[in-house]
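Only the coordinates and a few stated rules stand behind these numbers; no lab work does. Please read all numbers here as calculations on a predicted model, not as lab measurements. Glycine also receives a Cβ, built like all others from the backbone with ideal geometry; neighbour counts cover every protein chain displayed.
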C-alpha cells in the first residue's frame, strides 16, 4: 500500500538563495562514459546509486560490468571486470572506482570530505562521510544527516554506510554526514539532544537546507527533533523504532511513546517522509502507528507528510536498504523534500 497525504494547502516554497546546480562530478556524468549504448548508460545510472566499494568496468567495444559492496575494493574490482568479460568485453578496464573516474585520459580529482566532526562528545559525533561526494555549505543543495539504528545485540554501528537512497540526494548535490553513536551511551533522549545541537551548528555553517534521515532508532531520533521549529527542513524516517524486536518487554508502551514523540512535533516548515514495512519485527502495531502518523504529523505540526505505508514487495525491518526501495522511491524522496513535485509516482 502506498499513501500520499497532502496535509496542508499548497503554498509557495520559502524564498532561499538557491544555488544553481553545480557541474556534475565527472563520475556522475553518464553521457561522458565512452562506448556505452542506451542500455549501458541506464545501467551506469543504477551503478551510481550503489554503496561503496563499487567499480564500473568497461571495454572499448562497449561491454560493461559493475559490482558493489563486495568484501573489499580488490574483490569488487575483480568481480566488475569478470562481469564485463562475461558479457563479451575484450580488454575490460576500470572506468570508475568509488567516487572517481580512473579511465586513462579521463582521470579526475574529487574534493575530499572534511574528516573533522561537525560536533561531537563522548561516544558520539556528527561527521562528514567520505564515501560520498562533498560540496561544502556554500555550494551544496543541503546537508543530509543520516542516523544509524541501534542493534538489539549491542553491535557498534558507528561508521556504517547510510542507506542507498541517501546516495540519490548526494548525486543531486547534497552533502552527507553520519550521526554516529557508541551503543554503550546511546540513550534515545540523550541522542536526540546531541542531534539537535549538531543541527544548529550546520545551520550556522550556512547550509540552505538540513534534512535528517535514519533507520530504526535513528529514524526515531529524526522524528524527535521535530519538536524544535527550524532545526530541519525535512525528515526521512525509515522503519522508526525504539523498543526492541517482537517479544521485548518494552513493546506494551511502544505505540504510546510514539504518540508522545509525534504529538510534540512543532516544525511547520518541515516536510516529513515515513516508510514502514510488512513483517517488521520491530513494529508492534502497524495499523495503530500508521494512524498516528496520519493524525499527528499534520498541519500545522509539519508542512507535509509522505507516508509509504507497507509498500508492496518490500518487507522487514531492513526494507529501506533493499535496492528496490531506492529504485522505486529514491527520486521520489528527493523531490518531496525539495518540494519539486507534489507527489510520487
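Data overview
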{"quantity": "Cβ-based exposure ranking for 84, 92, in which fewest neighbours within 10 Å come first", "calculated": "92, 84"}
{"quantity": "Linear extension gain, residue 107 paired with residue 340, 0.36 nm per residue minus alpha-carbon span", "calculated": "80.5 nm"}
{"quantity": "Nearest 10 degrees, 0 to 90: helix 286-296 Cα axis against the chain principal axis", "calculated": "80 degrees"}
{"quantity": "The range 27-123 - Rg and Dmax from Cα coordinates, angstrom", "calculated": "15.1, 54"}
{"quantity": "Helix 188-205 vs. the chain, principal-axis angle (Cα, 0 to 90°, nearest 10)", "calculated": "60 degrees"}
{"quantity": "DSSP beta bridge pairing in the chain, given as percent antiparallel to the nearest 5", "calculated": "45 percent"}
{"quantity": "Degrees separating the helix 38-47 axis from the principal Cα axis of the chain, which is the longest one", "calculated": "50 degrees"}
{"quantity": "Using alpha carbons only: equivalent-ellipsoid semi-axes of the chain, gyration tensor based, whole Å", "calculated": "35, 22, 20"}
{"quantity": "Normalised contact order of the range 26-101, rounded percent, pairs of Cα under 8 Å and 6 or more residues apart", "calculated": "32 percent"}
{"quantity": "Extension reserve of the residue 82-residue 189 stretch, reckoned as 0.36 nm per residue once the Cα distance is removed", "calculated": "33.7 nm"}
{"quantity": "The chain, helix-only ellipticity at 222 nm - DSSP H runs n ≥ 4, -39,500 (n - 2.57), divided by all residues, nearest 500", "calculated": "-8500 deg cm²/dmol"}
{"quantity": "Sequence of 56, 47 once ranked by neighbouring C-beta atoms within 10 Å, starting from the fewest", "calculated": "47, 56"}
{"quantity": "Estimated inter-spin distance, residue 74 and residue 151, nm [label 7 Å along Cα→Cβ]", "calculated": "2.5 nm"}
{"quantity": "Sequence-separation-based contact order of the chain, relative, with Cα cut under 8 Å and 6+ spacing, percent", "calculated": "16 percent"}
{"quantity": "Largest to smallest principal axis extent of the C-alpha atoms in the range 233-345, angstrom", "calculated": "43, 33, 18"}
{"quantity": "Sorted peptide list for 102-113, 204-215, criterion being average Cβ within 10 angstrom, highest first", "calculated": "204-215, 102-113"}
{"quantity": "Listed peptides 123-131, 70-78, 233-241 by packing density, highest first (mean Cβ within 10 Å)", "calculated": "233-241, 123-131, 70-78"}
{"quantity": "Debye equation applied to the C-alpha atoms of the range 253-311, log10 I(q)/I(0) at 0.22, 0.23 Å⁻¹", "calculated": "-0.86, -0.93"}
